[in-house]
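Reviewing the structure listed below.
The values are calculated or read from the model by the stated rules, or taken from the named source; none is laboratory data. Since the structure is predicted, the reported quantities are computational estimates derived from the model, not experimental observations. Every residue, glycine as well, gets a Cβ built from its backbone with ideal geometry; the counts of neighbours run over all protein chains shown. Quick note on the areas: whole protein, heavy atoms, side chains included, nothing else; ligands and nucleic acids left out. Shrake-Rupley method; radii C 1.70, N 1.55, O 1.52, S 1.80 Å.
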Amino acid sequence: MATWLPAWLFTSLLISGLFVAQIAEAHRLRPAIATVTFSDDGTWSAALQLNLEALLAGIGPEHDDTSQAPQAGVYNALRDLPAEALRTRFDESAPRLLEGIDLRFDSRRVAARVMAVEIPPVGDPRVERLTTIRLAGDIPPGSEAFTWRYAPQYGESALRLAMPGGEIVRADWLMAGQTSAPFQLDPKLVPVRTTADVFRDYTVLGFTHILPKGLDHILFVVGIFLLSVHWRPLLYQVTAFTVAHSITLALSLYGVISLPASVVEPLIALSIVYVAVENIVVGELKPWRVWVVFGFGLLHGLGFAGVLTELGLPKGEFLPALIAFNVGVELGQLAVIALALLTVGLWFRNRLWYRARVVIPASLLIAAVGLYWTVERVFG
């Protein structure tokens, strides 16, 4: 039975995941994406894409998705409002909301004028409705640098600096309340930061995407670790996972392949279930395990790519940012394995009861969490 169960389970999970994952996306909150453009006539403009309902309801970064927030009822009511009614609610709260958008030239805060609010019609309430708020203002004469800050209670933001023709020349991923590095203002919008700065920033972004934010990726890596803490099986699996997610991360960013989050996220959860279940029914590394981990690594790479795709990397930073982000992800995964080793692996791996008291209970817990996430990400 042990020779065919893993292959059967792997195939069934993938087929069922692909079938049902189309139903809906989870109610996850995305960061606001601001695209700022400077014009030769002394003005600036910004297109801010965000979840307006979450902003009006006061749902902040402490909640991973809207359904977990105490204000979920308020959010759902706003989500059901027609575009015109939601625009009225925005107009009533605009002065307060704009206080959380801090644009500065040489440390001098400038006022933002609301030029337009583009609200999509009511659609599937399980899918986030993204509103675009268009802002504009004047550049103080003689200004040399520009900074952006999104209020901490609003969550993370992605800041993109664009040429008047639309080409992105710089992109920053900012934590809640973080002020961007200054943008140098000149006719060519030359970025201030160096390649070393880009590498540092995106390495940190990749690491934090695993620790502490990537709980699903953490559980998958722990599942890999639990099968065997001996270096050879662990090396085979980690290498397969690393190579696989590096491939799809690069291909996705270069636009070669693309899958919607509604497919990728449930399948990532299913990968966690599979690895945990196989840990229970198989006590050692089997030949198929490395290939299965490789296949799931391809899925996780698509999940990693979502972060950089939303950010919209400029051409000049694309390759160093891609490499640095991948380095950060690997450092995060190694940190997870190191913590697992220090917690249980080094001390108990040679005990006769290690599998019965550590591997199987931990794998059951991981499988349960992965199954819960699968259902949640499919049905919201």
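Overall, the accessible surface of segment 228-300 at a probe of 1.4 angstrom is composed of carbon and sulfur to the extent of 72 percent.
Applying both filters, DSSP loop and at most 13 other Cβ atoms within 10 Å, to the GluC sites (Glu not before Pro) of segment 57-113 gives Glu62, Glu99.
In the context of the full set of protein chains, residues of the chain present 46 Å² of accessible surface per residue (probe radius 1.4 Å, heavy atoms only).
Using a probe radius of 1.4 angstrom, the carbon and sulfur fraction of the accessible surface of segment 58-194 is 54%. Rg/Rh for the chain stands at 1.02; both radii use Cα atoms, and Rh follows the Kirkwood definition. Rounded to the nearest 10 degrees, the angle from helix 287-311 to the longest Cα principal axis of the chain is 10 degrees.
Computed over segment 65-114, the range of Cα coordinates on each principal axis works out to 41, 26, 12 Å, biggest value leading. Placing R0 at 30 angstrom, the Cβ-Cβ distance between Thr43 and Ser67 gives a FRET efficiency of 0.15 after rounding to 0.05.
Ranked by solvent-accessible area (1.4 Å probe, protein heavy atoms only, all chains present), the residues Leu86, Leu219 order from largest to smallest as Leu219, Leu86. Computed with a 1.4 Å probe over protein heavy atoms only, the accessible area of Lys286 comes to about 60 Å². Working from label points 7 Å from Cα in the Cα-to-Cβ sense, the Val281 to Thr194 distance is 5.5 nm. Size estimate for segment 266-380 follows the Kirkwood approach: the inverse of mean 1/r over distinct Cα pairs works out to 16.4 Å.
Accessible area ranking (1.4 Å probe, heavy atoms, ligands and nucleic acids excluded), largest first, for Glu118, Glu278, Glu330: Glu118, Glu330, Glu278. Please find the FRET efficiency linking Leu251 to Val290, where r is the Cβ-Cβ separation and R0 is fixed at 25 Å, and quote it to the nearest 0.05. In this case the efficiency is close to 0.75.
Taking the Cα centre of the chain as reference, the dipole from Cβ charges on Lys and Arg (+1) and Asp and Glu (-1) amounts to some 1140 debye. Against the chain, whose longest principal axis is taken from its Cα atoms, helix 231-253 shows a tilt of about 30°.
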